[in-house]
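Only one structure is covered here, and it is reproduced in the block below.
The values are calculated or read from the model by the stated rules, or taken from the named source; none is laboratory data. These numbers were taken from a predicted model, which means no experiment stands behind them. Cβ coordinates were reconstructed from backbone atoms using ideal geometry, including for glycine residues, and neighbour counts include every protein chain displayed.
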Amino acid sequence: MVYDISSAEQLIFQVLDQCHFMFFPNQWIDFTMDYSKNELLALLLVYRKGETNMSDVADYIMSPLNTATGVIGRLEKRGMVSRQRSEQDKRVMTVALSAEGRKAVKQFFEEVNQCFKKVLGVLSADEIASVLRVLQKAIMVLNTDSEDGAVSEEKKKSVRKINIT
């Protein structure tokens, strides 16, 4: 199918019409629909790292520390994560997945993995390489400011230094 890119709205609807079924598998709904975007991102970060601190969560979800604290608090209430003070620095709060959280995220990845296996099973190595190149290019374009290709100042990680006297 050839897509008319003269209208972003039209393109979005063409793509959604072709793949809207992907948003409704029960296994995805059961896991993803019960969590906010920030909660899902925080869960995935903690799963990947094994254990992390609240500052890393805040950076990853691109939110202030108080928002990250609320996100982790909700996940803790649901039994998905646990928080504890760092042994090395008592000011630092670390976050780890609970057994229930680890099980839920692993199950989610098993379901996603099955979907990827189906898709990758019908693509050639060249097609897979092409898809990856297109995705990398799309991500690069979305991470840039304008036609000049510069990364926006807001997206650059900045470190504030606070002088304590």
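Just give me the residues in the range 37-81 being surrounded by fewer than 18 Cβ atoms within 10 Å (Cβ to Cβ) and among the acidic types (Asp, Glu), in sequence order.
Those that are surrounded by fewer than 18 Cβ atoms within 10 Å (Cβ to Cβ) and among the acidic types (Asp, Glu): GLU51, ASP56, ASP59, GLU76.
Of the residues GLU87, GLU111, GLU100, only one is in contact with a helix residue (DSSP H, G or I) (Cβ under 6 Å, 6 or more places away or on another chain) and charged (D, E, K, R); which?
On the way: GLU87 fails: in contact with a helix residue (DSSP H, G or I) (Cβ under 6 Å, 6 or more places away or on another chain); GLU100 fails: in contact with a helix residue (DSSP H, G or I) (Cβ under 6 Å, 6 or more places away or on another chain).
Answer to the selection: GLU111.
Please verify whether the range 29-36 includes one or more residues that are surrounded by 16 or more Cβ atoms within 10 Å (Cβ to Cβ), hydrophobic (A, V, I, L, M, F, W, C), at pLDDT 90 or above and within 17 Å of the chain's Cα centre (by Cα). So that I can check it myself, show each step before the final result.
Here is the first cut: in the range 29-36, the residues surrounded by 16 or more Cβ atoms within 10 Å (Cβ to Cβ) are 31, 35.
The next check asks that each one be hydrophobic (A, V, I, L, M, F, W, C); those that pass are 31.
Filter again for at pLDDT 90 or above, leaving none.
There is no residue in the range 29-36 that is surrounded by 16 or more Cβ atoms within 10 Å (Cβ to Cβ), hydrophobic (A, V, I, L, M, F, W, C), at pLDDT 90 or above and within 17 Å of the chain's Cα centre (by Cα).
Could you please find all residues in the range 29-62 being of a type in the set (S, T, N, Q) and farther than 18 Å from THR94 by Cβ?
Going through the range 29-62, the residues of a type in the set (S, T, N, Q) turn out to be 32, 36, 38, 52-53, 55.
Hits for the range 29-62 are THR32, SER36, ASN38.
Can you name the residue in the range 51-109 that is among the polar types (S, T, N, Q) and in a strand (DSSP E or B) and, of all such residues, is farthest from the chain's Cα centre (by Cα)? It would help to see each step written out before you state the result.
So in the range 51-109, the residues among the polar types (S, T, N, Q) come out as 52-53, 55, 63, 66-67, 69, 82, 84, 86, 88, 94, 98, 107.
Imposing the further condition that a residue be in a strand (DSSP E or B) reduces the set to 52-53, 82, 84, 94.
Numbers: THR52: 15, ASN53: 17, SER82: 20, GLN84: 23, THR94: 19 Å.
That would be GLN84.
Please verify whether LYS117 is loosely packed, with under 10 Cβ neighbours inside 10 Å, closer than 30 Å to CYS19 by Cα and among the basic types (Lys, Arg), treating the condition exactly as stated.
Working: loosely packed, with under 10 Cβ neighbours inside 10 Å: yes; closer than 30 Å to CYS19 by Cα: yes; among the basic types (Lys, Arg): yes.
It is true that LYS117 is loosely packed, with under 10 Cβ neighbours inside 10 Å, closer than 30 Å to CYS19 by Cα and among the basic types (Lys, Arg).
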